[in-house]
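Asks: This structure is in structure tokens; I'll ask about it shortly.
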Amino acid sequence: MTPYILTTWSPMKALPTKMYWWLSRSIKNGSRNFITFHWIYYLLTCLISSVLFWSVSTPNGSILYVDSLFMVISAMSLTGLNTLNLSTLNTCQQVVLYFLTILGNPFSVSVFVLYIRKKAFHKKFRDINDATRAPTPGKPYSLMK
């Protein structure tokens, strides 16, 4: 069963294609700055967890997808806004909201972005290190001078 918002709002049908186009274009053009990874982390985590939050509602379809998206983004951004009574949610939905508060914590987001930065700098400096250690043509490479 597709969510109600996907069947009624036609721009949402093209959203995965547009997101894929934007991601592939930004990666191919070299605009892989760290704020892009920060936004990708937030967007993908919110979209995936909102579908999970919506799909585990106890009477199937009792929660609108818009409400689940709002609840998930609220938990991820640590704002604490609710459109639903939290006591009426089942245990799985409450666990999802709990883990989203951990994933949306500024420390967790910073660790994710810093890990990507570390990998990028490691690759950049490894290439520089390999280029400086390569023997020059015509001179034998020796460790002893």
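The values are calculated or read from the model by the stated rules, or taken from the named source; none is laboratory data. Remember, predicted model here, so these are calculated numbers, not experimental data. Because the Cβ atoms are built from the backbone with ideal geometry, glycine has one as well, and the counts that use them run over all protein chains shown.
Asks: Of everything in segment 83-133, what is charged (D, E, K, R) and in contact (Cβ under 8 Å) with a residue 24 or more places away in the chain? Give them in sequence order.
Replies: Of the residues in segment 83-133, the ones charged (D, E, K, R) are 117-119, 123-124, 126-127, 130, 133.
Across segment 83-133, the qualifying residue is only Arg117.
Asks: Might you check whether a residue that is closer than 27 Å to Ile40 by Cα and at pLDDT below 80 occurs anywhere in segment 99-106? Write out each step before concluding.
Replies: At the first step, the residues of segment 99-106 found to be closer than 27 Å to Ile40 by Cα are 99-106.
Then keep just the ones that are at pLDDT below 80; that gives none.
No, because not a single residue in segment 99-106 is closer than 27 Å to Ile40 by Cα and at pLDDT below 80.
Asks: Pairs please, first residue from segment 47-71 and over 13 Å from Leu100 (Cα atoms), second anywhere and surrounded by fewer than 18 Cβ atoms within 10 Å (Cβ to Cβ) and not hydroxyl-bearing (Ser, Thr, Tyr), Cβ atoms under 6 Å, 6+ apart in sequence or on different chains.
Replies: Val56/Cys92; Thr58/Asn90; Tyr65/Ile5; Asp67/Leu84
Asks: I'd like the residue in segment 59-76 that is closer than 12 Å to Gln93 by Cα and either at pLDDT below 90 or of a type in the set (S, T, N, Q) (or both) and, out of all such residues, is surrounded by the most Cβ atoms within 10 Å (Cβ to Cβ).
Replies: Residue satisfying both the conditions and the ranking: Ser68.
Asks: Of all residues in segment 72-82, how many are touching a residue at least 12 places away in the same chain (Cβ under 8 Å) and either among the charged types (D, E, K, R) or in a helix (DSSP H, G or I) (or both)?
Replies: Keep residues of segment 72-82 that are touching a residue at least 12 places away in the same chain (Cβ under 8 Å), which gives 72-73, 75-78.
Keeping just the survivors that are either among the charged types (D, E, K, R) or in a helix (DSSP H, G or I) (or both) gives 72-73, 75-76.
Qualifying residue count for the region: 4.
Asks: Run down Val109, Val96, Val113 and say which single residue is at pLDDT 85 or above and either surrounded by 11 or more Cβ atoms within 10 Å (Cβ to Cβ) or in contact with a His (Cβ under 8 Å, 6 or more places away or on another chain) (or both).
Replies: Just a single option satisfies the conditions, and that option is Val96.
Asks: Scan segment 83-105 residue by residue and report those that are in a helix (DSSP H, G or I), of a type outside the set (S, T, N, Q) and under 15 Å from the mean Cα position of the chain (by Cα).
Replies: Restricting attention to segment 83-105, the residues satisfying the condition of being in a helix (DSSP H, G or I) are 86-88, 91-103.
Going one step further and asking which of them are of a type outside the set (S, T, N, Q), we end up with 86, 92, 95-100, 102-103.
Result: Phe99, Leu100, Ile102, Leu103.
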